[in-house]
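For reference, the structure discussed in these notes is given below.
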Amino acid sequence: QGQLVESGGGLVQPGGSLRLSCAASGTTFSIYTMGWYRQAPGKQRELVAVVTIRGTTNYADSLKGRFTISRDNAKNTVYLQMNSLKPEDTAVYYCYANTLALEYWGQGTQVTVSS
């Protein structure tokens, strides 16, 4: 059974940066898409960014220019570089991955942007 392990969340001041990492392991098939979603208190989970195995990316429009997703296929790891963070970026960030057969979600990592 595959699993995703996230790291890199925490508390940061407005204007600061954080880098999230997510490593996948134990999947039966090759992972096609990896990425990140987030869920703020009282809100629905929303797309942050995803990247395919070929490197095609898709970002939430509101985050373009501040967030950058990247991927190391050899390590089955996806990264999210978050710059110029704002209080409204505060949320639980969830790693996501899919194969031909299954979808996987990480346990979530808290990102809090506050002074």
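The values are calculated or read from the model by the stated rules, or taken from the named source; none is laboratory data. Only a predicted model underlies this, so the values are computations on that prediction, with no experimental measurement involved. Methodologically, a virtual Cβ is constructed for each residue, glycine included, from the backbone with ideal geometry; neighbour enumeration extends over all protein chains shown. Ligands, DNA and RNA are excluded from the accessible area calculation, which covers all protein heavy atoms including side chains. Shrake-Rupley method; radii C 1.70, N 1.55, O 1.52, S 1.80 Å.
Heavy-atom accessible surface of the chain, averaged per residue, reaches 54 Å², computed with a 1.4 Å probe. Here the stretch 1-83 is treated with +1 on each Lys and Arg Cβ and -1 on each Asp and Glu Cβ, and its dipole about the Cα centre works out to around 100 debye. With loop membership from DSSP and a limit of 14 other Cβ atoms within 10 Å, the longest segment of the chain without trypsin sites (Lys or Arg not before Pro) is 55-115. Taking a ≥ b ≥ c as the square roots of the eigenvalues of the Cα gyration tensor, an a/c ratio of 1.5 or more together with a/b larger than b/c marks the chain as prolate.
Taking the Cβ-Cβ separation of Arg19 and Leu100 as r and a Förster radius of 22 Å, what is the calculated FRET efficiency to the nearest 0.05? Computed FRET efficiency for Arg19 and Leu100: 0.15. From the alpha carbon centroid of the stretch 66-115 to that of the stretch 1-29 is 6 Å. Between Ser114 and Lys43, what FRET efficiency comes out of the Förster formula 1/(1 + (r/R0)^6) with R0 = 25 Å and r the beta carbon distance, rounded to 0.05? Efficiency, from the Cβ-Cβ distance: 0.90. Distance between the modelled labels on Val5 and Arg66, one decimal in nanometres: 3.1 nm (7 Å Cα→Cβ projection).
For the chain, the residue among Leu20, Ser30, Thr56 whose Cα projects farthest onto the positive side of the dipole built from Cβ charges is Thr56.
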